[in-house]
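Written below as structure tokens is the structure these notes are about.
The values are calculated or read from the model by the stated rules, or taken from the named source; none is laboratory data. These numbers come from a predicted model, not from an experiment. Please note: Cβ atoms are built from the backbone with ideal geometry, for glycine as well, and neighbour counts cover all protein chains shown. Just the protein is used for accessible areas: all its heavy atoms, side chains included, with ligands, DNA and RNA removed. Shrake-Rupley method; radii C 1.70, N 1.55, O 1.52, S 1.80 Å.
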Amino acid sequence: MKTLKIIKQSGSCCTTANDIKTQEAFIDLNKNLPTVIIGAGPIGLAAAAHLVEQNQSFILLEAGSEIAHNIRTWGHVTLFSPWRYNINKAAKALLEETDWQEPNLESLPTGHELIDLYLKPLAELAQIKPFIHLNSKVVGVSRQLNDKMKSKNRVNQSFKIYIETEDDINIIEAKAVIDATGTWGNPNPANSTGVWLQNEKALAGRIEYGIPDIHTNTKRYANKKIAVIGGGHSAINTLLSLAALQKENPSTKLVWIMRKKSVEEVYGGENKDALKARGALGIRIHELVDAGKIEVLTPFYISMVKKDEKINIVGTSNGEQTVLTGFDELIVNAGNRPDFSINSELRLSIDNVTESVQALAPLIDPNMHSCGTVRAHGEEILRQPEKGFYIVGAKSYGRAPTFLMATGYEQVRSITAYLAGDEEASQRVELELPETGVCSSNLSNQSNTCC
């Protein structure tokens, strides 16, 4: 990847005719630079499709060895939203120019199917494939010639993206950067306060974070005592897989630990849910709890996990300290958090509660809103103090668990329109969601991965 030579700025503290010429040179140069997209998941690839539509140059960077690498890790999970909400419009238009076969829009894809039937064909398009760089881990983004502290001419300077590959470090320049890296792979701990403790880290070999593929790892879980921690759709998916294992291995004991006031809060809309598959999750888990197949402990606030002969969970229940003993395995479905380390030399506006984009926080804060009240939003809401830099997708929502792929598609449609100079298009709303919104109002701690 080539870097472009930048005109060196004057060190003077005062604006001169030479400074003005330098600023103009930066502006002219930046127009010819690509937009860099970080993360080749659904949102990053949708951004690429929209930039193709806008006839704008781009480079798409993916840390994994294939596109949508993170989705592969939960590829066995079935999404609860049908295909119609998971295919981006610009991507679809490009794919329809080929022999691509559109999936049944009313069927529910797994993560693997999302990749293999949609994202891979999209990434193979001639307009996109040459600009994808795999095994390219971004370790930092900054402004050309300046760190975070420097203000002079900052808005006119290009971005520099630092990339670690297998055997080298590459640096590329961009006129704009779209961070679509998501939050997957950066989980919250079992600890209810969100603090990572060494005790928990020491148990890494006996704790899984996310939604493990139980069916391919039955020896690990069969006839064991397992705690599933979390009160959202990820926990439900995990428990349903474990319950299937329990049928064949009846000594398997399942304990569901969460902070809800009651388990009824988790069942959601059930038969009334506009997304039938999501409602079905609530129905099935409700039946298993009522049948005594799953022991529920709630509200329970975990303060630490400790290794003895087995795993002990220390916490508070009904105001009293309690120790739960004898667990063989823990599965933590407590959500994920954003990692801003690659953005540390940029000027960001991040909410100190949700860790979302600042202007987005009032729309998505689960302490105040259900998912059904999140309205469509685009470039203006996502705009950062660092002009030309955007955080999109699940990462833009920070710790708030109310993200939907269709929402991310609308984000990048608006941003790419703005970057192409079509401000009117960037301000339009082109998002249609089910009447019950992107998730159930009773499931405020659901996973970001299965929407």
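Got at least one residue in the range 278-295 being in contact with a strand residue (DSSP E or B) (Cβ under 9 Å, 6 or more places away or on another chain) and either hydroxyl-bearing (Ser, Thr, Tyr) or surrounded by fewer than 14 Cβ atoms within 10 Å (Cβ to Cβ) (or both)?
Yes, the conditions are met somewhere in the range 278-295.
Any idea which residue in the range 385-424 is farthest from ALA48 (Cα to Cα), counting only those that are part of a loop (DSSP other than H, G, I, E, B) and small (Gly, Ala, Ser)?
Taking the candidates together, the pick is ALA400.
Against the condition open to solvent by less than 10 Å² (accessible area, probe 1.4 Å) and over 30 Å from GLN144 (Cβ atoms), how does GLY194 come out, does it pass?
no
If ALA394 satisfies every condition in (1) open to solvent by 10 Å² or more (accessible area, probe 1.4 Å); (2) farther than 20 Å from ASN88 by Cβ; (3) small (Gly, Ala, Ser) but one, which is the exception?
Only one criterion is unmet by ALA394, namely (2).
Looking only at the range 299-336, which residues are out of contact with any helix residue (DSSP H, G or I) (no Cβ under 8 Å at 6 or more places or on another chain), over 22 Å from LYS261 (Cα atoms) and open to solvent by 40 Å² or more (accessible area, probe 1.4 Å)?
Result: ASP308, GLU309, LYS310, THR325.
Do the conditions hold for PRO121, that is, is it more than 24 Å from LEU61 (Cα to Cα) and surrounded by 14 or more Cβ atoms within 10 Å (Cβ to Cβ)?
For PRO121, the condition - more than 24 Å from LEU61 (Cα to Cα) and surrounded by 14 or more Cβ atoms within 10 Å (Cβ to Cβ) - is not met.
Can you give me the number of residues within the range 64-86 that are touching a strand residue (DSSP E or B) at 6+ places or on another chain (Cβ under 8 Å) and either open to solvent by 60 Å² or more (accessible area, probe 1.4 Å) or under 24 Å from LEU240 (Cβ atoms) (or both)?
5
Based on this model, can you work out whether LYS89 counts as under 25 Å from ILE211 (Cα atoms) and basic (Lys, Arg)?
Judged against the criteria, LYS89 is not a match.
For the subset of the range 238-258 comprising residues that are part of a loop (DSSP other than H, G, I, E, B) and buried (at least 18 other Cβ atoms within 10 Å of the Cβ), which member is nearest to the chain's Cα centre (by Cα)?
MET258
A quick yes/no check of all residues on (1) among the acidic types (Asp, Glu); (2) at pLDDT 90 or above; (3) in contact with a Pro (Cβ under 9 Å, 6 or more places away or on another chain); (4) open to solvent by 60 Å² or more (accessible area, probe 1.4 Å):
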{"residue": "ARG413", "(1), (2), (3), (4)": "no, yes, no, no"}
{"residue": "THR416", "(1), (2), (3), (4)": "no, yes, no, no"}
{"residue": "LEU419", "(1), (2), (3), (4)": "no, yes, no, no"}
{"residue": "GLU424", "(1), (2), (3), (4)": "yes, yes, no, yes"}
{"residue": "VAL429", "(1), (2), (3), (4)": "no, no, no, yes"}
{"residue": "LEU433", "(1), (2), (3), (4)": "no, no, no, no"}
{"residue": "SER440", "(1), (2), (3), (4)": "no, no, no, no"}
{"residue": "LEU443", "(1), (2), (3), (4)": "no, no, yes, no"}
{"residue": "GLN446", "(1), (2), (3), (4)": "no, no, yes, no"}
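Give the number of residues within the range 357-384 that are part of a loop (DSSP other than H, G, I, E, B) and modelled with pLDDT of 95 or more.
Going through the range 357-384 one residue at a time, the tally reaches 2.
So that you can scan it fast, the table gives a plain yes or no per residue for (1) touching a residue at least 12 places away in the same chain (Cβ under 8 Å); (2) aliphatic (A, V, I, L, M); (3) part of a strand (DSSP E or B); (4) within 15 Å of GLY44 (Cβ to Cβ):
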residue: LEU114; (1), (2), (3), (4): yes, yes, no, yes
residue: LEU119; (1), (2), (3), (4): yes, yes, no, yes
residue: VAL155; (1), (2), (3), (4): yes, yes, no, no
residue: GLU166; (1), (2), (3), (4): yes, no, no, no
residue: THR181; (1), (2), (3), (4): yes, no, no, yes
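Please verify whether the range 338-355 includes one or more residues that are part of a strand (DSSP E or B) and open to solvent by 20 Å² or more (accessible area, probe 1.4 Å).
yes
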